[in-house]
Structures are given as structure tokens and as C-alpha cells.
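J.: Quick one: this structure, given as C-alpha cells, is what I'll be asking you about.
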Amino acid sequence: MLTQRRQKLLEFIIDEYVTTAQPVGSNALVEKYQLAISSATIRNEMAALEEEGYIAQPHTSAGRVPTDAGYRHYVEALMREERIPPELQKMIRHQFHQAARELEEWARLSAAILASQLRNAAVVTTPHSPEPRLRWIELVGVHDYLALLVVVLQEARVLQQTLALDRPFSQEELTALARRLNEVLAGKSSAEMRGPYLELAPVESAVVEATASLIESTDEAGVEPSFLEGMRELLRQPEFTQGERIIGLLEQLEDRNLGRAIPQPAARERGIRVIIGGEHPIDAMRVCSVITTRYTGPSGLRGTLSVVGPTRMHYPRAVSMVRYMSALMEELLGVYFA
């Protein structure tokens, strides 16, 4: 258990290191925070913090830097989330009101806002349903024996494929066919579509099967569409001046590896999750901290917002921004996709 004095010193050290990216010495603490104790006393207390594993000395003649354990104690016991200014909230809401009411556009905009405000990388997944359900289908004639099947899911994703027909159909016939099937299929999953339906004509059965297969193909892919912004800002941080660190980090943040680089919260997990440095299961990501949360909406829609930065991250600001953007996404989903 840290004494009150050591907790305050740890907080000062972290705040100073986050600001300067330079090891923090006792004299700097006394001068900046006008501490009513001597530099010698501060050095003794810093030595105790180092022995307990909260700070470390990178070089013999250098000051101290926080360890992963120091950041963890700070996040759990000392941090006070930063209040988001009303004018920034107003600006963010204005950007969303100007954007198209499409889930992918909202995810992209959320990632861009987080990256620009925090000067780190941000990854936001498009809201999706764990069991995709149909909103509606459309059939568009291509020529007499071929139609384009357009499948719109409740999460606003659009799928399409060409469909061979057993006879020539006019556009009026295709529209009427889609209307009849929408009355039966709307709101159903692919498994439910394959339930028994009475008096389906062969062409209707073919459309139902094609629709169910399309929905299953997105489910089996298991990849949540995501947007990554802010890599340039992240790589400008002094922690990433070493080539090997950059290469390893870039490889992990490629699309095919994002699911492992950004551990997804469990389906029922709520709140903000902070993964600090060595707590990450992947070696290349242990130079970073990841702040992530899940957001949810109607009809089982859900997605995640994450920020990736150095362990020397401004946690009060980052946690606050992730929390705010998550709440805003949930609000928008509730208004427009209920």
C-alpha cells in the first residue's frame, strides 16, 4: 500500500513524463510543484517507489520513468477523467449531423475524431449484429434471365449478387416478387429463412436460398469492418523512433491482425478497458496501451471504439474521449436505427 506522499509523487512523475517524454528528476518535481520537502527527501521516496516497481531509472544518471505497474496504479487509483469542454462536444455533434446517416460513415468519423483529439491511433468497428437479420431485399433486372439481388441488413450493410432466373421476368414482376418475400423474410436470420414456407414458387425458393447464403457468408467471415485513423500521429511519438518497433506495430495494426491487436470486449462487458504495455498478449503491442470499449444499439447492433498509443498516454483525456464517443454512438443508433 502506497503512502499518500508516494501516491502524490507517482502522480506528479506520471503527469510530468506524459508531458515531456523525458525522465523526471527530483529537482524538477520540487521546482514545478513547489513541494515543501527537500530534493533529498524526494529522492528517497522515489527510490522507494522504484523498489516497489512503480517507477524505473532508464540510465544511471537519469531521472525516473513510470513502469506499467505505475501506470496501472495511476489509472485505477489516482486518475481523474478530464471533462470534455462543451464547445468540443458541440463541434463533434455538428460533424455527425453533417455526415451521412450511414453506419460506416459514423465509424470512420468516430475514428478520425478520436485520432485528431488524442494524437494517437484510433480503431472503430462498424456497428454490426452478432446474428445478422434482414431488413429488405430488392431485385433488379439485368436481362431476361438474370437479376441483381440486393440484400439490406438491419445494420444497414448492403450485400449483392447476380441471380439466374428460370424464365424471363419483367422489372414489375421482380419488384412484386421482392415485395412478397419482404413480407415473409423481414427481420429474420439466415437460419430462420430456411424454415418451412408454404406455397413458395421455385423462383421464390431460389431467392430465399440466395439471400440466406449471402447473409451467412458475412457471418462466417468473422471480420468486423473497421476504420483505423491516426497512424501518422502515433508514429511521431518519441517511443517509436526505433525501426523494429515501428515495423512490428504496423504489422499488428494491419486489417488482418486488428482483431488480435485490439482485444475485443466480451459481449456482456461494459465500461472502459485499459490494457497497459506488458499486459497485452502480443509482444509487438507491449510498447503501447490500448483503451477500448463496446457500444451497442437496437436490434443487437454493437461495435467497439479503441485508442492505441504509447504507455506514456494522457489517460484522463483518452478514457474520457472514448467514453464520450461511445455514448454518442449509442445515442445516434437509438435515434436513427430503433
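J.: Let me spell it out: the conditions are (1) open to solvent by less than 20 Å² (accessible area, probe 1.4 Å); (2) at pLDDT 95 or above; (3) more than 20 Å from CYS288 (Cβ to Cβ), and GLY70 meets all of them except one. Which number is the exception?
T.: The number of the failed condition is (3).
J.: Another one. With the requirement that a residue be assigned to a helix (DSSP H, G or I), at pLDDT 80 or above and either more than 18 Å from the chain's Cα centre (by Cα) or surrounded by fewer than 11 Cβ atoms within 10 Å (Cβ to Cβ) (or both), what does the stretch 217-246 give you?
T.: The answer is ARG232, LEU235, PRO238, GLU239, PHE240.
J.: Now for a different question. How about the stretch 297-322: which of its residues are of a type in the set (S, T, N, Q) and either more than 22 Å from PRO132 (Cα to Cα) or buried (at least 20 other Cβ atoms within 10 Å of the Cβ) (or both)?
T.: Matches in the stretch 297-322: THR304, SER306, THR311, SER320.
J.: Of the residues in the stretch 113-129, how many are of a type in the set (Gly, Ala, Ser) and assigned to a loop (DSSP other than H, G, I, E, B)?
T.: Qualifying residue count, the stretch 113-129: 1.
J.: Are any residues in the stretch 185-216 within 28 Å of LEU301 (Cα to Cα), assigned to a helix (DSSP H, G or I) and open to solvent by 60 Å² or more (accessible area, probe 1.4 Å), and if so, which ones?
T.: Within the stretch 185-216, ALA191, GLU192, GLU209 meet the criteria.
J.: With respect to ARG135, determine if the residue is charged (D, E, K, R) and either part of a strand (DSSP E or B) or without any contact (Cβ under 8 Å) to a residue 60 or more places away in the chain (or both).
T.: yes
J.: Can GLU331 be described as at pLDDT below 80, closer than 24 Å to ILE84 by Cβ and open to solvent by 10 Å² or more (accessible area, probe 1.4 Å)?
T.: So GLU331 does not fit the description; no.
J.: Can you find, within the stretch 31-63, the residue that is surrounded by the fewest Cβ atoms within 10 Å (Cβ to Cβ) among those that are in contact with a Leu (Cβ under 8 Å, 6 or more places away or on another chain) and among the charged types (D, E, K, R)?
T.: Per the stated criteria, the residue is GLU52.
J.: Hey, another quick one. Among the residues in the stretch 160-180, are any part of a helix (DSSP H, G or I) and small (Gly, Ala, Ser)?
T.: yes
J.: Please go through the stretch 79-97 and give me each residue that is open to solvent by 20 Å² or more (accessible area, probe 1.4 Å) and in contact with a Leu (Cβ under 9 Å, 6 or more places away or on another chain), ordered by number.
T.: Passing the criteria: GLN89, ARG93, GLN95.
J.: Can you pull out every residue in the stretch 276-296 that is within 26 Å of ALA327 (Cα to Cα) and open to solvent by less than 10 Å² (accessible area, probe 1.4 Å)?
T.: Answer for the stretch 276-296, where residues must be within 26 Å of ALA327 (Cα to Cα) and open to solvent by less than 10 Å² (accessible area, probe 1.4 Å): ILE276, HIS280, CYS288, SER289, VAL290, ILE291, THR292, THR293, TYR295.
J.: Specify the residue that is nearest to GLU76 (Cα to Cα); the eligible residues are those in the stretch 1-30 that are among the β-branched types (Val, Ile, Thr) and open to solvent by 30 Å² or more (accessible area, probe 1.4 Å).
T.: THR3
J.: Can you name the condition, by its number, that LEU253 falls short on among (1) more than 16 Å from the chain's Cα centre (by Cα); (2) buried (at least 18 other Cβ atoms within 10 Å of the Cβ); (3) of a type outside the set (Asp, Glu); (4) modelled with pLDDT under 90?
T.: (1) is the only condition that LEU253 fails.
J.: Restricting the search to the stretch 323-338, which residues are part of a helix (DSSP H, G or I), of a type outside the set (Gly, Ala, Ser) and within 19 Å of HIS128 (Cβ to Cβ)?
T.: Residues satisfying the conditions are MET325, LEU328, MET329, GLU330, GLU331, LEU332, LEU333, VAL335, TYR336.
J.: Tell me which helices (runs of 4 or more DSSP H) are completely within the stretch 1-112 and hold 3 or more residues being within 26 Å of the chain's Cα centre (by Cα) and free of Cβ contacts under 8 Å to residues at least 24 places away in the same chain, or say none if there are none.
T.: Hits in the stretch 1-112: 86-98.
J.: Can you tell me which residue in the stretch 136-168 is farthest from GLU209 (Cα to Cα), limited to those that are over 28 Å from the mean Cα position of the chain (by Cα) and of a type in the set (Val, Ile, Thr)?
T.: Filtering first and then ranking leaves VAL142.
The values are calculated or read from the model by the stated rules, or taken from the named source; none is laboratory data. No experiment lies behind these values; they were computed from the predicted model shown. Reconstructed Cβ throughout: ideal geometry from the backbone, glycine too, with neighbour counts over all protein chains shown. Keep in mind that these areas ignore ligands, DNA and RNA; they rest on the heavy atoms of the full protein, side chains included. Shrake-Rupley method; radii C 1.70, N 1.55, O 1.52, S 1.80 Å.
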